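One structure is given below, encoded as structure tokens.
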Amino acid sequence: MKYDLAIIGGGPAGLMAAHRASELSRKVILIEKNPRLGVKLLITGGGRCNLTHNIPDYRLMAESFGKDGRFLLSAFSRFGVTEIIAFFENRGVKLKTENDNKVFPVSDSANDILRILVNGIRENGGLIQTSSEVKDFVLEDHKIQKIILTNGQEISANNFLIATGGLSYSGTGSSGDGYRWLKEFGHTIKPLSPALTPILVKEKFVKDLEGLSLENVILNLFYKNKKIATEQGPIIFTAAGLSGPAALNISRHIDFQFAQNFRIEIVLQPGKTLEDIDKEVLKLVSASNKFLKNSLEGMLPSRIVELVLFLSGIDQERMANSLSKVERKSLAPIISNVNLNVKSIEGFNRAMITRGGVDLKEVDSRTMCSKIISNLFLAGEILDLAGPTGGYNLQLSWSTGWVTGSTVIT
Ligand SMILES: Cc1cc2nc3c(=O)[nH]c(=O)nc-3n(C[C@H](O)[C@H](O)[C@H](O)COP(=O)(O)OP(=O)(O)OC[C@H]3O[C@@H](n4cnc5c(N)ncnc54)[C@H](O)[C@@H]3O)c2cc1C
């Protein structure tokens, strides 16, 4: 039996490719090393599966991936947010868009998403083989002839898709096999680093802020004092640093190996100038017969006030109206920006995705076909793309998987 398409990896990218190709009557086999399909998919969004981000404009969606997002323009324009929402809704899964534009099944169950894909592949006549680990490839004339499983089984196909994911949460099955094979085939693998992961900082005082969440701050990331990225949104202080959407998103730009060269500036009062902040402080402290700490709570959460006063060296037990002009003016810059020096970022065991991967220059963005091996396709997280948190990364897998499934011919 020779298949039209043999897919390695039963995650979102492989499943969508198998669904699409089998829908187009291609002879498909999906090979997954775990006994179950979509193990990582089932833990997405805390088990609720944030399957996409409701930005129907595919250009904006692609821009969220930074300059590399250009690679996704073709895939997103053909099978983007509108199409994935229709895909699941037309198959009976009701979806909801929450306030922050994240899309989930109404049931809050990732299982409903997985079930539709698996049932669809089977109904379309696709073959699914679980507990099957691909070990090796047989190549001839820059084409893959067959793959060999650890149990010795050989599978021949006209086309192959490597959708083995990244390196994060390796217990789910994504242990980096694909990168190793692709390197051997001559592909360039851009340096791999954990991303969408909590950030650890050098300043010990964050421990006192543990658990404090701030709804809307700006984070500016500096590499050797050059600003390289900005994110706006919620953060939460952890015992050793920062987490929450804005912190996770900015972690995509921190190189694991050189993390210590990065600094984060937290802009606590976005949109306000130093002058605005000083005026506000003046209003709160002048003629106030409260303790300084209590007065400043009129503009900041109490734990942040404590931090600001700690950093300023001003005793929080001072009466607000006893501040000198010089002391008062020293507060605005601290309220405006809290600087934290990065110590490290959490590793692959805490990262939602992997930054780096197959060099996009070596993949045709209209087909997902490798430019090095003519019958090889690449889809999902294995590609050198890293989207923000909020459904973008699953959309990347759906779109690139669908394009692969649409391209393969009999
Ligand atoms: C905790 C967590 C929560 C997340 N939440 C979200 C979210 O809510 N929204 C979002 O957009 N993204 C989320 N993500 C990211 C998202 O899960 C990934 O981007 C996505 O799963 C990548 O899909 P993929 O198909 O490329 O790879 P994977 O899902 O990693 O699938 C790859 C598959 O290949 C199989 N495989 C590997 N090697 C072999 C081999 N040798 N032989 C056979 N099979 C093999 C693996 O077992 C695995 O099943 C989350 C990630 C994590 C870790």
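Values in this text are rule-based calculations from the coordinates and carry no lab data. In this text the structure is predicted, and so the values were computed from the model without any measurement. Positions of Cβ are backbone-derived with ideal geometry, glycine not excepted, and every protein chain shown enters the neighbour counts.
Points worth noting:
- Based on Cα contacts under 8 Å between residues 6+ apart, the range 235-321 shows a relative contact order of 23 percent.
- Long-range Cα-Cα pairs in the chain (distance over 39 Å), rounded percent: 28 percent
- By the beta-carbon count within 10 Å of each Cβ, the least crowded to most crowded order of Val134, Val408, fewest first, is Val134, Val408.
- Other residues lying with their Cβ under 10 Å from the Cβ of Leu182 contribute a combined charge of -2, Lys and Arg counting +1, Asp and Glu -1.
- Candidate lysines for bridging to Lys94, where Cα separation is under 25 Å - those fewer than 8 sequence places away on the same chain excluded: Lys40, Lys102
- Degrees between helix 81-90 axis and first principal axis of the chain (Cα, 0 to 90, nearest 10): 60 degrees
- From most to least packed by mean Cβ count within 10 Å, the peptides 255-261, 365-371 give 365-371, 255-261.
- The alpha-carbon of Lys146 sits under 25 angstrom from the alpha-carbons of these lysines, leaving out residues fewer than 8 places away in its chain: Lys2, Lys27, Lys33, Lys135, Lys183, Lys371.
- Eligible aspartates and glutamates near Lys343 by straight Cα distance, threshold 20 Å, same-chain separation 8 or greater: Glu203, Asp208, Glu210, Glu231, Asp255, Glu265
- Relative exposure of His253, His142, His187, judged by other C-beta atoms within 10 Å (fewest first): His142, His253, His187
- Charge tally for Phe256 (other residues, Cβ to Cβ under 14 Å; Lys, Arg +1; Asp, Glu -1): +3.
- DSSP-defined antiparallel bridges as percent of all bridges, the chain, nearest 5: 75 percent
- Over the range 198-346, all Cα pairs binned in 10 Å intervals from 0 give whole-percent P(r) values of 12, 41, 31, 14, 2, 0, listed from short to long.
- Across the chain, Cα pairs under 8 Å and at least six residues apart give a relative contact order of 25 percent.
- Net charge of Cβ neighbours under 14 Å - reference Glu280; Lys, Arg +1; Asp, Glu -1: +1
- Rounded to the nearest 20 debye, the dipole magnitude of the range 198-346 is 340 debye, with +1 charges on Lys and Arg beta carbons, -1 on Asp and Glu beta carbons, and the Cα centre as origin.
- Cα-centre dipole for the chain with unit charges at Cβ (Lys and Arg positive, Asp and Glu negative), debye to 20: 260 debye
- Here's the picture: charge each Lys and Arg Cβ at +1 and each Asp and Glu Cβ at -1 in the range 242-393, and of Ser295, Ile250, Ala386 the one pushed furthest to the positive end of that dipole is Ser295.
- With Cα atoms, 0 to 90° folded angle of helix 302-312 axis to the chain main axis: 70 degrees
- Of the peptides 25-34, 384-393, the order by per-residue mean of other Cβ atoms within 10 Å, starting with the highest, comes out as 384-393, 25-34.
- The range 282-348 and the range 11-48: distance between their alpha carbon centers, rounded to Å: 51 Å
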